[in-house]
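Have a look at the structure below before the remarks.
The values are calculated or read from the model by the stated rules, or taken from the named source; none is laboratory data. Note that the structure is predicted; figures quoted are calculated from it, not measured. No Cβ is skipped: glycine too gets one built from the backbone with ideal geometry, and neighbour counts run over all protein chains shown. Accessible surface areas use protein heavy atoms only, side chains included; no ligands, DNA or RNA. Shrake-Rupley method; radii C 1.70, N 1.55, O 1.52, S 1.80 Å.
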Amino acid sequence: MLSGLVIVDKPQGWTSHDVVGRMRRIAGTRKVGHAGTLDPMATGVLVVGINKATRLLTYIVGTSKTYTATIRLGESTVTDDAEGEVTATRTTTGITEDAIRAGVAALTGEIQQVPSSVSAIKVNGERAYARVRSGEEVKLAARPVTIHRFEVHEIRRVRAGEAGETAGEAVDVDVTVECSSGTYIRALARDLGEALGVGGHLTALRRTQVGPYTLDQAHTLEELAEKLDVLEMSDAARALMPNRELSEAETTEISFGRRIAAGTGAGTPDAATADKPAAAFAPDGTLVALLADAGSYAKPVLVFAPDNEKHGNAKQGNGKQAGQ
């Protein structure tokens, strides 16, 4: 059974669910999931799991992400991106490069961010965007996120507005953002514009990295239909999390869901946990399990070995997905 990760270069206009549907047909299996939603407007890295590798998706969702983006200052939209209706246009005449860079600096580091009201976050069991589309005003609570890097590449003045209309002058800012999971880049665009007093929204977004997986590894859906390039589970896990090499005896024990001696990091901040486990490999390099240290022992969080298929002793990941 084919199992592994596929790094897809998501096309513009497709939902992440659309990509999963296409990958099911390409891979010939229903067991396909993704780690971290991309909006239809966005392009770039979407990590897709096939068959057993869907169990790894839980551990990919929480990794940091990197994006390239263009922020337009001087226009606000209902969705905080280019897909929404423009709600306000303000002059950017007095906005300087120094002011923009100061605004970016203020949004770097650990911040409290209010997600876009049209996000996929659930409010009383219903997606926020569905409530907005039905005419309801939605205000979401701020949440902590970390902006590891918010780098400005180019600042340029452009003509805003539709062709044939009286267009005002806006400012486009090309940036790279490296951030924690759960960060909304369009909310950064909105907040930068509001801090500068002119409003702002996102006009372009491309995800270039999810955890250890980069755009260099990604393929378009057309390329994957011609040749399905799958990152084998052992290679995917080695890149994703700390590694532990097992002996033959340890491999046998873990294959049946039994515990073994703790890893060398046990009792330190580097100890493997259920949320951040270590990938355990058999002597032949095969991924056997994900392990968490508990005192003097390491116990399986998730077992991949074929011997375990009929035992069900290990907890399985749920393929949880996070919005972006």
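How much solvent-accessible surface does Y297 expose, in Å² to the nearest 10, with a 1.4 Å probe and all protein chains in place?
Its accessible surface works out to 90 Å², give or take rounding.
Would you grab the residues whose amide H sits under 5 Å from the one on Y297? Only those 5+ places off in sequence or on another chain, please, with H modelled 1.01 Å from N.
Those qualifying (amide H under 5 Å, at least 5 residues apart or on another chain) are A262.
Which stretch or stretches of the stretch 76-97 have amide N atoms under 16 Å from the point lying 7 Å from E169's Cα along the Cα→Cβ direction?
Counting only backbone N, you get 90-97.
Provide the net charge surrounding T268, with neighbours chosen by a C-beta distance below 15 Å and charges set as Lys +1, Arg +1, Asp -1, Glu -1. Write out the running numbers ahead of the final one.
Numbers: positive: R244, K276; negative: D270, D293.
So the environment of T268 carries a net charge of 0.
Excluding A237 itself, what net charge comes from residues whose Cβ is under 12 Å from its Cβ, given Lys and Arg +1 and Asp and Glu -1?
Summing Lys and Arg as +1 and Asp and Glu as -1 gives +2.
If you average the C-alpha positions of the stretch 189-212 and of the stretch 51-109 separately, how far apart do those two centres end up, in angstrom?
2 Å
Given H placed on each backbone N at 1.01 Å, which residues far from T92 in sequence or on other chains put an amide H within less than 5 Å of it?
E169
Determine the sum of side-chain charges near A225: Lys and Arg each +1, Asp and Glu each -1, restricted to other residues whose C-beta is under 15 angstrom from that of A225. Provide the component values of the computation, followed by the final result.
Working: positive: K10, R22, R24, R25, K227; negative: D9, D18, E222, E223, E226, D229.
With Lys, Arg at +1 and Asp, Glu at -1, the net is -1.
Using the Cα centre of the stretch 160-241 as the reference point, and only Cβ charges (+1 on K/R, -1 on D/E), how large is the resulting charge dipole? Debye, rounded to the nearest 20. Intermediate values should be presented prior to the final figure.
Values: 6 positive and 15 negative charges, 70 e Å.
Here the stretch 160-241 has a charge dipole of around 340 debye.
What's the FRET efficiency of S180 with T15 using the Cβ-Cβ distance as r and R₀ = 25 Å, to the nearest 0.05? Walk me through the numbers before you get to the answer.
On the way: r = 23 Å, r/R0 = 0.92.
The value I calculate is 0.60.
Answer rounded, prolate or oblate for the stretch 27-67, using the Cα gyration tensor with square roots of eigenvalues a ≥ b ≥ c: rounded when a/c is under 1.5, else prolate when a/b is larger than b/c, else oblate. Write out the running numbers ahead of the final one.
Details: a/c = 2.97, a/b = 1.43, b/c = 2.08.
Because a/c hits 1.5 or more and a/b fails to exceed b/c, the stretch 27-67 counts as oblate.
Shape call for the stretch 235-288 from the C-alpha gyration tensor, a ≥ b ≥ c root eigenvalues: rounded (a/c under 1.5), prolate (a/b greater than b/c) or oblate? Write out the running numbers ahead of the final one.
On the way: a/c = 1.88, a/b = 1.21, b/c = 1.55.
Here the stretch 235-288 falls in the oblate category.
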